[in-house]
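> I am attaching a structure below and will ask some questions about it afterwards.
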Amino acid sequence: MRPLAAAIETKQLTKTYKSRIHGKINVVDSLDLHVEEGEIFGFLGPNGAGKTTTIKMLLSIIYPDAGEGYVLGKEIGDMSVHRLISYVPERPYYYEHMTGLELLKFYASLFGINDQALFVRLLEKVNLHRDMSKTISQYSKGMQQRVGLAQALLNDPKLMFLDEPTGGLDPIAHREIRDLILSFREEGRTVFISSHELSEVELICDRVAIINKGVIARQGKLTDLLRGGRVEVTFEGVTEQWLKDKGMQDSHVRTIAGGVLLDTTEEEDINSLIDAVRSNSGRIVSIVPRRKRLEDLFIQTVTDAPAQAAKKTITVEGAN
Amino acid sequence: MFRPIASIAATTVGEAIRRKVLLIILLIGVLFLVVAPGLGMLSARSETTVLRGMMLGIIQLTSAVIAIVLTVYMIPNEIERRTIYTILSKPVQRWQFLVGKYFGAVAALLMMMTLMTSVLVFTFWLQQRDASAIPDLIKAPVMYFVQMSLLAAVAIFFSTFVSPLVNFFLSGGLYLLGSLFAPFFQTLQESQGTPQAAKIFAQLVNTILPNFANYNIQNPIINPGQQIQNESSYYLQVTIYGVLYIAGLLVAGTIVFDRREV
């Protein structure tokens, strides 16, 4: 199988700002990022971690101080790549006097596109076709976000940068935006999402990177990063000691009302244990998987591993 | 190459004509133009002279305030509202953005000055019932338009690296200096009795300082006794000077803006 090409590749990308109090600060420090084509990539980090700075560097809005970066195979700063990418900034503001349709016409004109049918089709896609004659000032936050996504689709981009696409939206708008992002992947686009909405990211992203204080602390497939959850199994008809004697690693056994509770990792061979319990005339009362959540991983990464000490990138890659 | 410039300019006009502060300044200017004939009658000097001077003064002052207020916020607002990010993520170069914003500002100025000039002509005709003086009267707003285009370029240039408040005083200050003191430095430079060091200084200031005084042609219009020699040639020369100065400011602004982290 042909290996997937990189939509984004950075090597030691660094951005430094001068502060009167702290001197030079590496807002983004030696960033090694790898985003494959056709995936939804979550770029996570607390406020001030360097997410937006990274996006701005990749879009050539600001300039890196060191390192290299490639977007769709072209070095950052190459304007030709801007025909193939799009960007929706965090809390976007669009010219309020324009209608949704006029806004699309304006952004399309920057590409030299003038296709009324395309504008209507895109407004239909983001479910704004009934509101295309309303001015942006009459749009709700969710509608503004959707018109932002419509303008980002004008050039049929291969790669989309979405900065906090669901920030400050209500649950219905959340779901609408999430469905749209998923449709972008189905259309073969690469989507690079910077977000705080971890539950959202967990639902839609293929791979993520967690950046903290300008340094990538973790990067990899979501399924690999979230491996290592726990399982709680409640048994009847066996004793606490009997279970302990089975010698399961990283497990806790205690007697509770109605049975004995075993708390173990999902990597342990639960099936063999269940078989043994049954052959010993025991009974399984319940099995409750406690899956590792992205939120736990995020908090653990940000709080337990101070960025200064963890300059070395921890990369978890699963087999393709 | 020019399509993005035209689109950005058109959007800038759309925004400018909806800015309440500009519309209020314009309204005040128009109101003063309408009441000017009444005020002119109070003067002891020739009513026509006072009326012409007052009306042209109102147009010039109002246009200058509009030019500065319109342009000092132009780039900082785009950065603050993050609209610039969406635009620069498209295939738009920074110079195209800057030039588009400038031409948008000039087009908005043209619309507002055209409105004021129309009010001037109508009010003047109502008062004087003399259509023959109108073509001469219109020459001044035309030259003011070149002057305001130059002022807008100065403000756009400064807006690439200073805050709107600082820009307001810098552009306003330069406008006053260039309007009031440029003739003084020119006289100093050309005078026989001026020491060499002062001449060099005057020449330096004259070269750097935009000569806004070139466009203050109201005196020959107000006082029919005064005349500009080779009038057409003079207008052509000062217009070319203005266009070259504007081009220089836009190039300098682009160089600064290209390096700026937005």
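> Projected area of chain B, taken from the Cα convex hull and averaged over every viewing direction, in nm²?
Dividing the Cα hull surface by four gives the mean projection, 16.2 nm².
> Something else about it: Could you report the accessible area of A:Ile25 in Å², rounded to 10, computed with a 1.4 Å probe on the protein chains as they sit in the structure?
Near enough 70 Å² of accessible area.
> With θ set to phi - 60° and the Karplus curve 6.51 cos²θ - 1.76 cosθ + 1.60, what are the ³J(HN,Hα) couplings of the stretch B:217-223 in order, to the nearest whole Hz, using x for Gly and Pro?
Result, rounded to whole Hz: 9, 6, 4, x, 7, 6, 10.
> Tell me which lysines have Cα within less than 30 Å of A:Lys244's Cα, excluding those fewer than 8 residues away on the same chain?
The qualifying lysines are A:Lys292.
> For A:Gly45, list long-range residues whose amide hydrogen, built 1.01 Å from N in the peptide plane, is under 5 Å from its own amide hydrogen.
A:Ser195, A:Ile211
> Give me the 1.4 Å probe accessible area per residue for chain A, excluding ligands and nucleic acids, in Å².
In whole numbers, chain A has 47 Å² accessible per residue.
> Which log10 I(q)/I(0) values does the stretch A:93-224 give at q = 0.22 Å⁻¹ under the Debye formula, counting every alpha carbon as one identical point scatterer?
Log10 of I(q)/I(0), two decimals: -1.35.
> What FRET efficiency, computed as 1/(1 + (r/R0)^6) with R0 = 25 Å and r the Cβ-Cβ distance, is obtained for A:Arg278 and A:Thr223, rounded to the nearest 0.05?
0.25
> What is the mean number of Cβ atoms from other protein chains located within 10 Å of the Cβ atom of each residue in peptide A:30-41, rounded to a whole number?
Per-residue shielding by partner chains comes out at 0.
> With unit charges on the beta carbons (Lys and Arg positive, Asp and Glu negative) and the dipole taken about the Cα centre of the stretch A:172-282, which residue among A:Leu203, A:Ser281, A:Phe192 sits farthest to the positive side?
Checking the options against the dipole of the stretch A:172-282, the answer is A:Phe192.
> Between A:Arg83 and B:Leu115, what is the label-point separation in nm under the 7 Å Cα-to-beta-carbon projection?
With each label point 7 Å from Cα toward Cβ, the separation is 4.1 nm.
> Same structure, new question: Need one value: the accessible area of A:His252 in square angstrom, 1.4 angstrom probe, rounded to the nearest 10.
Accessible area of A:His252: about 110 Å².
> With only alpha-carbon atoms in the gyration tensor, what are the semi-axes of the equivalent ellipsoid for the stretch A:230-290, in Å, largest first?
Square roots of five times the eigenvalues give 15, 12, 11 Å.
> Output the direction-averaged projected area (hull surface divided by four) of the convex hull of the alpha-carbon atoms of chain A, in nm².
22.2
> Under a point spin-label approximation (7 Å from Cα along Cα-to-Cβ), what is the A:Lys244-B:Ile208 distance to one decimal in nm?
8.7
> Measure nothing fancy, just the Cα-based angle from helix A:270-279's long axis to the longest principal axis of chain A, in degrees from 0 to 90, nearest 10.
So the inclination is approximately 30 degrees.
> Then there's this: Which helices, taking whole DSSP H runs in chain B, have alpha carbons extending 20 angstrom or more along the helix axis plus mean Kyte-Doolittle at least -0.5?
B:2-16, B:20-40, B:47-72, B:94-128, B:134-159, B:231-259
> A follow-up question, please. For A:Asn271 and A:Asp32, calculate 0.36 nm times their separation in residues minus their Cα-Cα distance, and state this gained length in nm to one decimal.
82.0 nm
> Separate question: Over chain B, what relative contact order in percent results from Cα pairs under 8 Å that are six or more residues apart?
26
> If Lys and Arg each add +1 and Asp and Glu each add -1, what is the summed charge of the other residues whose beta carbon sits under 13 Å from the beta carbon of A:Val81?
+1
> Taking only Cα atoms and a 10 Å spring cutoff, compute GNM fluctuations for chain B and point out the largest among B:Gly178, B:Gly38, B:Gly242.
Sorting by GNM fluctuation, first place goes to B:Gly38.
> Using the reciprocal of the averaged 1/r over all distinct C-alpha pairs, how large is the Kirkwood radius of the protein assembly as shown in Å?
After inverting the mean inverse Cα-Cα distance, the result is 28.7 Å.
> Expressed as a rounded percentage, what relative contact order does the stretch B:1-109 have, with Cα pairs under 8 Å and six or more residues apart?
Result for the stretch B:1-109 is 54 percent.
> Across peptide B:89-97, how many C-beta atoms of other chains are within 10 Å of each residue C-beta, on average?
Rounded to a whole number, the mean comes out at 6.
> Could I ask something else about it? Give, in nm to one decimal, the length gained when the segment between B:Val166 and B:Gln196 is fully stretched (0.36 nm per residue of separation minus the Cα-Cα distance).
Value of the extension gain: 7.4 nm.
> Would you mind computing, in nm to one decimal, how far apart the modelled labels at A:Ile25 and A:Arg91 are, each placed 7 Å from Cα along Cα→Cβ?
Calculated label separation equals 1.8 nm.
> Rolling a 1.4 Å sphere over the protein heavy atoms, what is the accessible area per residue of the stretch B:144-244, to the nearest Å²?
That works out to 53 Å² per residue.
> Just how far, in whole angstrom, is the stretch B:142-208 from the stretch A:1-80 if you go by their alpha carbon centroids?
One Cα centre to the other: 43 Å.
> I'd like the orientation of helix A:100-109 relative to chain A: the angle between its Cα long axis and the longest Cα principal axis, in ° from 0 to 90, rounded to 10.
The angle comes out near 70 degrees.
> Could you please report the charge total around B:Leu109, scoring K, R as +1 and D, E as -1 over all other residues with beta-carbon less than 13 angstrom from its beta-carbon?
Here the count lands on +2.
> Partner chain Cβ atoms within 10 Å, averaged over the residues of A:78-86 - can you pull that number for me?
Going residue by residue through A:78-86 and averaging, the value is 2.
> Next up: Using only Cα atoms, find the angle between the long axis of helix A:171-186 and the longest principal axis of chain A, and express it within 0 to 90 degrees, rounded to the nearest 10.
The answer is roughly 80 degrees.
> Over chain A, what is the relative contact order in percent, taking alpha-carbon pairs closer than 8 angstrom and at least six residues apart?
19
The values are calculated or read from the model by the stated rules, or taken from the named source; none is laboratory data. Note that the structure is a prediction, hence the values are computed from the model and not measured. Don't worry about glycine lacking a Cβ; one is built from the backbone with ideal geometry, like all the others, and counts go over all protein chains shown. In case anyone asks, the SASA skips ligands and DNA or RNA and just uses the protein heavy atoms, side chains included. Shrake-Rupley method; radii C 1.70, N 1.55, O 1.52, S 1.80 Å.
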